[in-house]
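Data block below; observations after.
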Number of protein chains: 2
Amino acid sequence: MSGEDAPAQQQNAEEQKQQQQQETKTPAESPKTESKPDPPPTSASTEAAAAAADTPAPAAEKAPEEDTFSYRALVLTGYGGYDKVKLQVKKGKPALKSGEVMVRVKMCGLNFADLMARQGLYDRLPSPPVTPGMECSGIIEAVGEDVTDRKVGDKVLVLNRSGLWQEVVVVATTHTFLMPEGMSFEEAAALPVNYITAYMMLFDFGHLRPNQSVLVHMAAGGVGIAATQLCKTVNDVTVFGTASASKHEVISQGGVTHPIDYRTRDYVEEIRKISPKGLDIVLDPLGGSDTHKGYNLLKPMGKLISYGAANMLAGQKKNLFAVAKTWYQQFSVHTLSLIQGNRSVCGFHLGYLDSESELIAQAMAVIMDLYKQGKIKPRIDSTYHLEQVGDAMRRMQERHNIGKIILTTEPMKEEEKKEEAKKDEEKKKDDKKKDDKKKDDKKKDEAKKEEKKEEKKKEETKKDDKKAEEKKEEVKKEEN
Amino acid sequence: MSGEDAPAQQQNAEEQKQQQQQETKTPAESPKTESKPDPPPTSASTEAAAAAADTPAPAAEKAPEEDTFSYRALVLTGYGGYDKVKLQVKKGKPALKSGEVMVRVKMCGLNFADLMARQGLYDRLPSPPVTPGMECSGIIEAVGEDVTDRKVGDKVLVLNRSGLWQEVVVVATTHTFLMPEGMSFEEAAALPVNYITAYMMLFDFGHLRPNQSVLVHMAAGGVGIAATQLCKTVNDVTVFGTASASKHEVISQGGVTHPIDYRTRDYVEEIRKISPKGLDIVLDPLGGSDTHKGYNLLKPMGKLISYGAANMLAGQKKNLFAVAKTWYQQFSVHTLSLIQGNRSVCGFHLGYLDSESELIAQAMAVIMDLYKQGKIKPRIDSTYHLEQVGDAMRRMQERHNIGKIILTTEPMKEEEKKEEAKKDEEKKKDDKKKDDKKKDDKKKDEAKKEEKKEEKKKEETKKDDKKAEEKKEEVKKEEN
């Protein structure tokens, strides 16, 4: 992967410019490379942390830390395809303010919002160049002034608006949560976004209770699996889950009562067959026409909770047609219709909730408890190196995953890199083939359409002829 | 009041015709006056009940009951003003089907939907002539076959789609609820609609929790008082309540933390002063522009619950302007706006929930418990005789009430009737005066507007003159 030796210096300057425009502080803003007279207040504890944390510590040498401190970071360099996210090296030790902690990152979570962001469809990510990433896990390496609830060496999971796909992050301590005993770093990175999203939707907006029924779209995705597990913490909840047939066995084991293959079946019909009165809760990450379907599936007192517009994502790059179609079909509702149906329509996105640390902390406390009780457990689909972020994103976007996709900060071995390079070549060829096939298919489709049109015309002409003949017959009869 | 000797016979025939058109059975459909060979299966128990119930029993004589059984009923004879609801006498004993009970009604509750219905603005009431009324209390006088959970003499409160404003009603047993010890008939008639509405809005859609804030419009109305009391069953809930200043003392005592006089203050400003971040729950019975205001007052994870369009009610008869304005301004929301705000918009109306007996029974069970614990208690504003239903409706529509307005089936005494007649005359005069004043005011307003227009014209002419002069000056200057 290119970009490791990209001008990190210049990038930091860009980021500092952005600092004033941004409402919420992202860790990517912190690194400073200018020569500064005062040493960072936490440099001593940082060294200790680096040693304690048992990670490859870049600050172990005796040289002035500010000059030698460097770390790898994923950077979205512009909107577009998978190759727009590049691995770069940032230099200079990030400064710590009061109430902040520095975390040596182990694992990062991949989310749908990251895919949207790469295509320029997610307005909560600052403009490129910027480090994406809303969740990670790691070890506290340094604490700022006034931080009393975290100490160097604490294992934490982190939730932030962006900026977490790098080896070192600086965040407010309120954005970190202590990992419970026995939780792996993979699990910790897989937990915050999916489980808080599913929890707040089901229990705050949804007010889920025993004997109710829930529709979970993309039931094999991160939120889908979290939602299914959380549904199962309530007695006798029926879960309808859409996923392609190959994933049904796994999601059934995970708690989905009725898996539905949305590719071969009309899910509305399938649900009506089993639950003619409809559903209590519909979780809708798709948007567009699926929101309408979900709304019409609601029982009285039912809740539709919209939390995304995945239908906008079609292909690697922004697909203007898909965006326009989803936007055009996007659901809009009048209160009088809600009143007559006794219905509720809610919108949720964790990315727009980042200032509500109290609400998030409350949800997280319950989620951690459920984890400790063994009632929930993130399912990891696969783990990729930072270098492989493109493959990771592709896997998610093409919906091959069952569970969470994780990025690890552990560097790739040399042999692996060589293999990757080969694979990359093959993939590029494959992509080209796919593109060519698409073009071919399109041409074929068009040819078929033309044929059909011709046939229709012929048929119509035949019909007209027939009618003309019939008329003639009638005229004849009348004449007789 | 006229109408006591109206042709009840004819009316029954009309109602039977409607029977086939109506989805839900209303008690008004049952009375039958045709001579029928089989005696109703429950006539014996009915007599016993009438005696046991200690009410003026029309069936006490020995004459064939079917012919002599009669009872007074309020009937909406057409859409329009207060005088469209007339007191009539229905003849013939209603037949009881399996699973039904006959109730000798004591008290009836008055609701906003009844006012809307009189103006033809509520589609859940069958077309006139029809008996309105969604709630009442009384004593069971007869039970149909297969009824095991109710017996003659039970004191019950009744909730039904319509048809309860009469002395005798026949309803499904699932629509009746046993009155707890110590509850008065007034309280029982005041409870179902307002408390179930407030309960389901606050706790199902709203998911009200400690430390949250709620806006209650019309806080001195039936739902307003119920909602305030229910808010107070949760710790540290802040209630903002709108009402005219004269009602503030009472609603404060009832639990409203911040009473706001919506007539002299901008309630949005007042709320923002106290709670700059906004509110967790807005209960909106008004519709139109107030729904927009409520939506904009929501915090993240906030819920707007729309449950009426009281803004449509302006004056005694349907005001097309108010209806059109409310309709035109009615709120419509896009899911993307909900997602970005993390908000929920819900619609509630008990009238559209009548097939959900299980949900209603669950809510009622909790409400009865809270009543027994002394945590809620309906506040009765005033009690009117059936003959005075026009006055009762006027009091509600002009928003003079604090709490529930009740209709009693107890007949009016002769002296009272005479006094009423006098009052009626005065009221009619008063109405005429008001109408005349309105017309006068309108004329004056128009005259003023004309004056203003004239003044504006004059000013504009002056300005034009000035400009012309200025131009002349400029031209002169240039010429010089």
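The values are calculated or read from the model by the stated rules, or taken from the named source; none is laboratory data. Remember, predicted model here, so these are calculated numbers, not experimental data. Positions of Cβ are backbone-derived with ideal geometry, glycine not excepted, and every protein chain shown enters the neighbour counts. SASA here: full protein model, heavy atoms, side chains in, ligands and nucleic acids out. Shrake-Rupley method; radii C 1.70, N 1.55, O 1.52, S 1.80 Å.
Counting only residues that are of a type in the set (Val, Ile, Thr) and within 26 Å of B:GLU358 (Cα to Cα), give me the strands (runs of 3 or more DSSP E) lying completely in the stretch A:262-354 with at least 2 of them. Steps first, answer last, please.
Values: elements: A:279-284, A:298-306, A:332-334, A:344-347.
Of the strands (runs of 3 or more DSSP E) lying wholly inside the stretch A:262-354, those with at least 2 residues that are of a type in the set (Val, Ile, Thr) and within 26 Å of B:GLU358 (Cα to Cα) span A:279-284.
Got a number for residues in the stretch A:233-261 being part of a strand (DSSP E or B) and in contact (Cβ under 8 Å) with a residue 60 or more places away in the chain?
0
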Inset, instruction - Just need a number here: residues in the stretch B:230-259 that are over 19 Å from B:TYR195 (Cβ atoms), open to solvent by 10 Å² or more (accessible area, probe 1.4 Å) and touching a helix residue (DSSP H, G or I) at 6+ places or on another chain (Cβ under 7 Å). - result: 2
Inset, instruction - Given the conditions (1) in a loop (DSSP other than H, G, I, E, B); (2) farther than 25 Å from A:HIS292 by Cβ; (3) open to solvent by 20 Å² or more (accessible area, probe 1.4 Å), report the number of the one that B:ILE376 does not fulfil. - result: (3)
Inset, instruction - Give the residue, chosen from B:LEU215, B:LEU208, B:LEU230, that is more than 18 Å from B:GLY109 (Cβ to Cβ), touching a Phe, Trp or Tyr at 6+ places or on another chain (Cβ under 7 Å) and touching a residue at least 12 places away in the same chain (Cβ under 8 Å). - result: B:LEU215
Legend entry - Matching residues in the stretch A:186-229 - criterion: being open to solvent by less than 10 Å² (accessible area, probe 1.4 Å) and among the aromatic types (Phe, Trp, Tyr): A:TYR195, A:PHE205
Inset, instruction - Could you grab me the full set of residues in the stretch A:341-353 that are closer than 17 Å to A:PHE112 by Cα and either touching a helix residue (DSSP H, G or I) at 6+ places or on another chain (Cβ under 6 Å) or more than 7 Å from chain B (Cβ to nearest Cβ) (or both)? - result: A:GLY347, A:PHE348, A:HIS349, A:LEU350, A:GLY351, A:TYR352
Inset, instruction - Name, by its number, the condition in (1) more than 14 Å from chain B (Cβ to nearest Cβ); (2) polar (S, T, N, Q); (3) more than 30 Å from B:ASP354 (Cα to Cα) that does not hold for A:THR257. - result: (3)
Legend entry - Residues satisfying the stated conditions in the stretch B:310-340, i.e. within 12 Å of chain A (Cβ to nearest Cβ), among the aliphatic types (A, V, I, L, M) and more than 20 Å from B:TYR82 (Cβ to Cβ): B:VAL333, B:LEU336, B:LEU338, B:ILE339
Legend entry - Which numbered condition A:GLY351 misses (of (1) modelled with pLDDT of 95 or more; (2) within 23 Å of A:SER137 (Cβ to Cβ); (3) surrounded by 15 or more Cβ atoms within 10 Å (Cβ to Cβ)): (1)
Inset, instruction - Could you please find all residues in the stretch A:179-214 being among the charged types (D, E, K, R) and within 14 Å of another protein chain (Cβ to nearest Cβ)? - result: A:ASP204, A:ARG209
Inset, instruction - For B:GLY182, work out the one condition from (1) farther than 25 Å from B:VAL85 by Cβ; (2) part of a strand (DSSP E or B); (3) among the small types (Gly, Ala, Ser) it doesn't fulfil. - result: (2)
Inset, instruction - Given the conditions (1) under 28 Å from A:VAL171 (Cβ atoms); (2) acidic (Asp, Glu); (3) surrounded by 12 or more Cβ atoms within 10 Å (Cβ to Cβ), report the number of the one that A:GLU420 does not fulfil. - result: (1)
Inset, instruction - Return the total of residues in the stretch B:354-373 being at pLDDT 90 or above, within 22 Å of the chain's Cα centre (by Cα) and either at the interface with chain A (Cβ under 7 Å from one of its Cβ atoms) or open to solvent by 60 Å² or more (accessible area, probe 1.4 Å) (or both). - result: 2
Legend entry - the stretch A:293-309: number of residues that are open to solvent by 10 Å² or more (accessible area, probe 1.4 Å) and more than 8 Å from chain B (Cβ to nearest Cβ): 4
Legend entry - Filter result (open to solvent by less than 20 Å² (accessible area, probe 1.4 Å) and closer than 22 Å to A:TYR384 by Cα) within the stretch A:160-185: A:ASN160, A:SER162, A:GLY163, A:LEU164, A:TRP165, A:GLN166, A:VAL168, A:VAL169, A:MET183
Legend entry - Per-region count, the stretch A:122-149, residues farther than 25 Å from A:LYS404 by Cα, surrounded by fewer than 19 Cβ atoms within 10 Å (Cβ to Cβ) and without any contact (Cβ under 8 Å) to a residue 60 or more places away in the chain: 3
Inset, instruction - Kindly provide the set of residues from the stretch A:388-414 that are assigned to a strand (DSSP E or B) and of a type outside the set (Lys, Arg), ordered by number. - result: A:ILE405, A:ILE406, A:LEU407, A:THR408
